[in-house]
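**Q** Following this message is one structure expressed as structure tokens.
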Amino acid sequence: MTKLKPQPGIMQIKPYVGGASSIAGVANVIKLSSNENPFGPSPDAIDAFQRAAHELHRYPNTDHSTLRAAIAKLHGLDPDRIICGVGSDEVITFLCQCYSGPENEVIYTEHGFSMYKISALAVGATPVMVPERERMVDVDEILKAVTERTSLVFVTNPGNPTATMVSHAELARLARELPDNVLLVLDGAYAEYVDGFDGGAGLVEKYANVFMTRTFSKMYGLGGLRIGWGYGAAEVIDVLNRVRGPFNLSMAQQAAAEAALHDRAHVARCLSENTRLRSWLAEALAELGVPSDTSCANFILARFANADEATACNDFLQEKGIIVRLVAGYGLPNCLRITVGDEASCRRVAHMIGRFKGGAPGSRLMLLDEDRLDGEDQA
């Protein structure tokens with residue numbers, strides 16, 4: 001037995017498990033488990049990535065200046081206050097490394113992204129989970145949990161896996177009432193799915209202890225490249241850059257992300273289709289007695305009668321070649337998180353949940369071509 005000992009907190013970490021992407025014995029699956037953009041990245045981003053292949057022998061620039069300038073121009077931000085990372089996950093890691101440790105507590109909410117707890121434990125800090133109210137972040141509960149040991153507060157907005165959203169007024173109240181030595185981190189991974197939402201950038205401008213994270217993995221369809229960014233006070237960015245690896249983003253990542261930003265037509269199409277199909281899917285499931293909160297993201301959190309029914313439905317969908325996400329690990333055992341896919345995927349998952357629930361013939365779900373769908377089951 002080795003005498004080597006990991007740092008405090010490390011062995012308490014349960015490694016993050018991503019959404020499944022395959023089903024044993026099934027060749028063609030519909031993956032609706034990871035909130036990926038069903039339309040993929042912009043063709044311009046693909047072209048930029050391919051062109052970057054000719055320069056793979058060159059080291060990338062270390063300051064991401066061109067990408068930061070493009071982000072800043074689009075969002076009306078100061079490029080010097082932007083940091084880029086390997087997904088927003090890496091920026092979250094930087095924040096915990098720089099602003100928390102064994103003497104500190106990190107607050108996150110009941111159904112918040114699991115990386116907050118993991119990143120806190122990784123630096124020896126104590127994760128503090130506060131309850132939500134009906135799957136909504138409760139600002140009063142956060143403020144009640146703050147102690148002199150609190151260093152960071154993480155809020156996902158819109159939420160994952162809840163898809164609910166905190167109002168600007170409530171976020172502003174949280175920022176205003178938090179002690180100024182506590183850093184409030186607003187995780188805006190799904191901000192692009194809320195038309196006109198700034199992800200919290202306005203609060204960053206107003207309060208030095210507010211920080212915003214964003215990603216290219218969702219709306220921009222670049223989850224496979226792992227590109228994220230953060231925006232905060234200049235002094236915070238300076239601190240984070242001291243722990244950031246000098247070559248954390250490749251040349252190909254930076255080129256693809258910049259091209260994706262510039263293709264506004266692709267983004268507009270993805271937003272429009274997600275909005276349309278999200279509404280359709282939520283209404284279709286509600287007809288079957290499977291409600292969901294109003295979603296502000298690219299997924300639906302479908303609620304079943306109990307954990308057994310949710311698990312049984314998940315198993316049934318897998319038998320039919322459809323992968324969704326069980327979210328019992330997020331404290332939601334009676335729910336399935338279902339990505340809003342393309343139209344065919346949305347109709348198919350709704351149809352199959354209808355079968356599972358015994359949807360009445362004549363409902364809008366049953367108006368689909370049953371014979372065609374049955375044929376697909378056997379493919």
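**Q** Checking the structure you have, find out if any residue of the range 185-204 is over 22 Å from Asp293 (Cα atoms), free of Cβ contacts under 8 Å to residues at least 60 places away in the same chain and surrounded by fewer than 22 Cβ atoms within 10 Å (Cβ to Cβ).
**A** Yes, because at least one residue in the range 185-204 is over 22 Å from Asp293 (Cα atoms), free of Cβ contacts under 8 Å to residues at least 60 places away in the same chain and surrounded by fewer than 22 Cβ atoms within 10 Å (Cβ to Cβ).
**Q** Taking the stated definitions as given, is Asp293 part of a loop (DSSP other than H, G, I, E, B), over 19 Å from Thr66 (Cβ atoms), assigned by TED's automatic domain parsing to the domain that holds Val340 and of a type in the set (Asp, Glu)?
**A** Criteria met by Asp293.
**Q** When the range 246-257 is examined, which residues are found to be buried (at least 21 other Cβ atoms within 10 Å of the Cβ) and in a helix (DSSP H, G or I)?
**A** If the condition is that a residue be buried (at least 21 other Cβ atoms within 10 Å of the Cβ) and in a helix (DSSP H, G or I), then Gln253, Gln254, Ala255, Ala256, Ala257 are the ones that fit.
**Q** Quick check, is Asn306 closer than 19 Å to Lys31 by Cα, out of contact with any strand residue (DSSP E or B) (no Cβ under 7 Å at 6 or more places or on another chain) and either among the polar types (S, T, N, Q) or free of Cβ contacts under 8 Å to residues at least 24 places away in the same chain (or both)?
**A** In short, no.
**Q** Determine which single condition Gly329 fails, assuming it passes every other condition in (1) closer than 22 Å to Tyr190 by Cβ; (2) at pLDDT below 95; (3) not in a helix (DSSP H, G or I).
**A** With respect to (1) closer than 22 Å to Tyr190 by Cβ; (2) at pLDDT below 95; (3) not in a helix (DSSP H, G or I), Gly329 is out only on (3).
**Q** Taking the condition of being small (Gly, Ala, Ser) and touching a helix residue (DSSP H, G or I) at 6+ places or on another chain (Cβ under 7 Å), how many residues in the range 275-316 meet it?
**A** Selection size over the range 275-316: 7.
**Q** Would you confirm, using the coordinates I've provided, whether Ala24 is touching a residue at least 40 places away in the same chain (Cβ under 8 Å) and of a type outside the set (D, E, K, R)?
**A** In short, no.
**Q** Just give me the residues in the range 105-122 being more than 11 Å from Val155 (Cβ to Cβ), over 12 Å from the mean Cα position of the chain (by Cα) and not acidic (Asp, Glu), in sequence order.
**A** Within the range 105-122, Val106, His111, Lys117, Ile118, Ser119, Ala120, Leu121, Ala122 meet the criteria.
**Q** Report, by residue number, each residue of the range 297-317 that is outside any strand (DSSP E or B) and either among the polar types (S, T, N, Q) or in contact with a Pro (Cβ under 6 Å, 6 or more places away or on another chain) (or both).
**A** Residues satisfying the conditions are Ala297, Asn298, Asn306, Ala307, Thr311, Asn314.
**Q** Output the number of residues of the range 27-53 satisfying the condition of being loosely packed, with under 13 Cβ neighbours inside 10 Å and either without any contact (Cβ under 8 Å) to a residue 60 or more places away in the chain or hydrophobic (A, V, I, L, M, F, W, C) (or both). Full working, then the answer.
**A** Going through the range 27-53, the residues loosely packed, with under 13 Cβ neighbours inside 10 Å turn out to be 27-28, 43, 50, 53.
Next, from what is left, pick out any that are either without any contact (Cβ under 8 Å) to a residue 60 or more places away in the chain or hydrophobic (A, V, I, L, M, F, W, C) (or both): 27, 50, 53.
Residues flagged as loosely packed, with under 13 Cβ neighbours inside 10 Å and either without any contact (Cβ under 8 Å) to a residue 60 or more places away in the chain or hydrophobic (A, V, I, L, M, F, W, C) (or both) within the range 27-53 amount to 3.
**Q** Being crowded, with 22+ Cβ neighbours inside 10 Å, assigned by TED's automatic domain parsing to the domain that holds Lys357 and under 20 Å from Gly18 (Cβ atoms), is that true of even one residue in the range 269-287?
**A** no
The values are calculated or read from the model by the stated rules, or taken from the named source; none is laboratory data. For clarity, every value in this text was computed on a predicted model and none was experimentally measured. In this analysis, Cβ positions are derived from the backbone assuming ideal geometry, glycine residues included, and neighbour counts consider all displayed protein chains.
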